[in-house]
1. Is the shape of the stretch 1-129 rounded, prolate or oblate, going by the alpha carbon gyration tensor and its root eigenvalues a ≥ b ≥ c, with a/c under 1.5 for rounded and a/b larger than b/c for prolate?
2. Have a look at the DSSP beta bridges in the chain and tell me what percent are antiparallel, nearest 5.
3. How about Lys129: which lysines have a C-alpha closer than 22 Å to its C-alpha, ignoring those fewer than 8 places off in the same chain?
4. For the stretch 148-195, report the accessible area per residue in Å² (1.4 Å probe, heavy atoms, rounded to an integer).
5. Choose one answer from Asp37, Asp64, Asp45: the residue with the largest mean-square fluctuation in a GNM of the chain with alpha-carbon springs under 10 Å.
6. Hey, can you list the DSSP H helices of the chain whose Cα span along the axis is 18 Å or longer and whose average Kyte-Doolittle score is at least -1.0?
7. Rolling a 1.4 Å sphere over the protein heavy atoms, what is the accessible area per residue of the stretch 1-134, to the nearest Å²?
8. What FRET efficiency comes out for Asn85 versus Glu8 if R0 is 25 angstrom and r is the Cβ-Cβ distance? Round to the nearest 0.05.
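The values are calculated or read from the model by the stated rules, or taken from the named source; none is laboratory data. Here the structure is a predicted model, which means the values were calculated and not measured. Note that we place each Cβ from the backbone using ideal geometry, even for glycine, and neighbour counts take in every protein chain shown. Please note that ligands, DNA and RNA were not included when accessible areas were found on the heavy atoms of the full protein model with its side chains. Shrake-Rupley method; radii C 1.70, N 1.55, O 1.52, S 1.80 Å.
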Amino acid sequence: MLLSSFSENLIEAGCDEAGRGCLAGPVVAAAVILPPDYSHQLLNDSKKLSEKQRLLLKEDIIADAVAWAVTFVDNHEIDEVNILNASFLAMNRSVEKLKAQPELLLIDGNRYKPHNEIPFECIIKGDGKYLSIAAASILAKTFRDEYMEKLSIEFPHYQWQKNKGYPTKTHRLAIAEIGLTDYHRKSFRQLPDQLTLFDLDQNQ
């Protein structure tokens, strides 16, 4: 079971993001405040759950949370400020959107750049340790996945409904053959070297 809280009596918001390593689409962050002593048998790190489990948990989190918020930072802003700063921006904006004021932020990972006075704790692999961070990871992941699935209808060649914008062989081959869309991150290295790309093509 994941822990329900880090502190004894502070209002805590778990924060996490999804999509940092993608070639296309936004980075998405979520902030979640759960009720005191909250428990859920299934709630865990989003990476350890199936898509069906994440979608079920998404509904439970939205219904049970004291407050929750999800924020998108698009690929154009990522290109302007870099992906690390875009991740911080997304988390900060999610915290600002919360309908309840947190007294402590639990941040998944080892780095954070706040722009307010709320105390925070960075917790490595926090989405596998604290329920509120796990909840945030699930909301960020499911909202982003649904967005990329909608984009894939307009741009089917990139298979975003499957890879969600991550650098799979299929995605990179489509970039090589068709080019970039307005949703691709231009500051990212979109293609490997030509030899590797040729090898990828032969393996299809």
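1. oblate
2. Expressed as a percentage, antiparallel bridges in the chain total about 60.
3. Cross-link targets: Lys47, Lys48, Lys52, Lys58, Lys113, Lys141.
4. That works out to 59 Å² per residue.
5. Comparing Asp37, Asp64, Asp45 in the GNM, the peak value goes to Asp37.
6. 51-64, 83-97, 131-154
7. So the stretch 1-134 comes to 49 Å² accessible per residue, rounded to a whole number.
8. 0.15
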